[in-house]
Amino acid sequence: PDWKLALDDPANPFTDIIYEKAEGIAKITINRPERRNAFRPQTVKELMRAFNDARDDNSIGVVIFTGKGTKAFCSGGDQSFRGKEGYADYDSFGRLNVLDLQVQIRRLPKPVIAMVAGYAVGGGHVLHMVCDLTIAADNAVFGQTGPKVGSVDAGYGASVMDRLVGPKRAREMWFMAKFYNATEADKMGLVNTVVPLEKLEEETVKWCREIIRNSPMAIRVAKSALNAVDDGHSGLQQMGGDATLLFYGTEEGTEGKNAYLQRRKPDFSRFPRLP
Ligand code: 2NE
């Protein structure tokens, strides 16, 4: 695709990510290759801004999430920014704001595809897991490093992994902090497909184009339905919001609103009570 920079605001430039759009696809790239695309608080703030824009832009149907270069998708939290309160910027107190980013990706009502070359480890591994699909290059390496550096993601990092690879493998991944190559990850159900590194973006864009051809509302409802059980009340709220959205588009829903605005009693008699 002919990628064009998005939210390219000289007054508020991105320093840690690249945000591009083309053909109804948004591409969000962590741009810290010298740190294997480890995220610091600034990186997460920028990612949240871009993901929010991709959600709100109704010309966008699917989001690619990736890392700059071929050595890493993301190596997790930048350990040099880690303090007792989480990860802290130069100007702020620490917090684990990447957890908010994970929730944002989960709730974004459009598919998010992790396009992984090189390492997806630590918090970077969790980020690929919370994406809807993962396309891996043949040089990709997956694993949790937390237990080696005194950290753990006991939220989606544990529960989503358990769903993806099953309870035994999830324990192995967390207790041993082993790395797995792309073929192993594929066998474990961690990724959707493995392609040669040089074909990674071509294949990912092919998947995006296929998704974009399909019904946006069907995809939206499918995503919220697939997450609903695991996300509990918040998953139901997302799906419930989809039901409300669909209802607002019906004549029956519109009759209720019109009657209120026209200060008359609503007439729902012409609407069927379907079996
Ligand atoms: C990713 C990995 C395996 C790559 O190894 P290699 O040999 O290809 O590269 P190297 O030389 O280790 O890394 C290149 C440069 O990037 C920095 C390195 O320190 C090195 O810097 P220089 O020596 O060139 O100055 N770098 C890489 N990852 C970094 C990181 N996460 N933070 C800061 N600097 C980093 C290898 O680099 C590796 O194992 N990295 C560490 C992975 C890790 O433990 N991540 C944190 C897990 S905890 C977490 O992400 C988290 C959390 O604590 C809480 C909530 C959510 C997530």
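Throughout, read-outs are computed from the coordinates displayed, never taken from laboratory work. Everything numeric here is computed off the predicted structure, so don't read it as measured data. FYI the Cβ positions are ideal-geometry reconstructions off the backbone, even for glycines, and counts take in every protein chain you see.
After finding the eigenvalues of the alpha carbon gyration tensor for the stretch 155-200, what semi-axes result from the square roots of 5 times each, listed largest first in whole Å?
22, 11, 9
Considering all alpha-carbon pairs of the stretch 146-275, what whole percent are spaced by more than 21 angstrom?
Beyond 21 Å sits 66 percent of the P(r) for the stretch 146-275.
How big is the equivalent ellipsoid of the stretch 220-275 along its three axes, where each semi-axis is √(5λ) from the Cα gyration tensor, reported in whole Å from largest to smallest?
For the stretch 220-275, the ellipsoid semi-axes come out as 30, 13, 9 Å.
Is it possible to state the helix-based mean residue ellipticity at 222 nm for the chain, with each DSSP H run of 4+ residues giving -39500 (n - 2.57), the sum divided by total residues, to the nearest 500 deg cm²/dmol? What is it?
Value at 222 nm, helices only, nearest 500: -14000 deg cm²/dmol.
Please list, in order along the stretch 72-78, the HN-Hα scalar couplings obtained from phi with the Karplus expression 6.51 cos²θ - 1.76 cosθ + 1.60 (θ = phi - 60°), rounded to whole Hz, x for Gly and Pro.
Coupling constants for the stretch 72-78: 7, 6, 5, 9, x, x, 5 Hz.
Out of the stretch 54-114, which trypsin sites (Lys or Arg not before Pro) are coil in DSSP terms and have no more than 10 other C-beta atoms within 10 Å?
Lys84
Report, in whole Å, the centroid distance computed from the Cα atoms of the stretch 75-115 and the stretch 168-229.
Centre-to-centre distance over Cα atoms comes out at 20 Å.
Can you give me the convex hull volume of the Cα atoms of the stretch 129-219, divided per residue and expressed in Å³?
Here the figure is 107 Å³ per residue.
Total Lys pairs in the stretch 75-193 closer than 30 Å by alpha-carbon, pairs eight or more apart in sequence or interchain only?
Pairs that pass both the separation and distance tests number 9.
Using modelled backbone amide H atoms (1.01 Å from N, in-plane), which distant-in-sequence or interchain residues come within less than 5 Å of Gly77's amide H?
Hits under the 5 Å cutoff: Phe39, Gly123, Gly124.
Among Val165, Val62, Val121, which one shows the highest mean-square fluctuation when the chain is modelled as a Gaussian network with alpha-carbon springs under 10 Å?
Val165
At most 14 other Cβ atoms within 10 Å and a DSSP loop assignment: could you name the trypsin sites (Lys or Arg not before Pro) in the stretch 142-187 that fit?
Lys178
Please list, by residue number, every one of the chymotrypsin sites (Phe, Trp or Tyr not before Pro) in the stretch 66-173 that is coil in DSSP and has at most 12 other beta-carbon atoms within 10 Å.
Answer by residue number: Tyr90, Phe93.
Excluding residues on the same chain fewer than 8 positions from Lys71, give the aspartates and glutamates whose Cα lies under 14 Å from its Cα.
Result set, ordered by chain and number: Glu34, Asp138, Glu198.
What are the extents of the Cα atoms of the chain along their three principal axes, in Å, largest first?
For the chain, the Cα spread along each principal axis is 66, 49, 41 Å.
Quote the FRET efficiency, to the nearest 0.05, computed for Lys71 versus Ser215 with a Förster distance R0 of 41 Å and r equal to the Cβ-Cβ distance.
Once rounded, the FRET efficiency stands at 0.60.
Calculate, in nm to one decimal, what Ser59 and Arg263 gain on full extension: separation in residues at 0.36 nm each, minus their alpha carbon distance.
Between Ser59 and Arg263, full extension yields 69.7 nm more.
Only Cα pairs under 8 Å and at least 6 apart count here; give the relative contact order of the stretch 100-259 as a rounded whole percent.
Worked out over the stretch 100-259, it gives 22 percent.
Restricted to Cα positions, what overall size does the stretch 185-235 have along the principal axes? Three whole-Å values, descending.
The Cα atoms of the stretch 185-235 stretch 41, 29, 13 Å along the principal axes, largest first.
Once Rh for the stretch 35-143 is found with the Kirkwood sum over Cα pairs, what is the Stokes-Einstein diffusion coefficient at 20 °C and 1.002 mPa s, in µm²/s?
For these conditions, the coefficient is 152 µm²/s.
Take the stretch 5-74, compute every pairwise Cα distance, and split them into 10 Å bins from 0; I just need the percent in each bin.
Percent of pairs per bin, in order: 23, 52, 25, 1.
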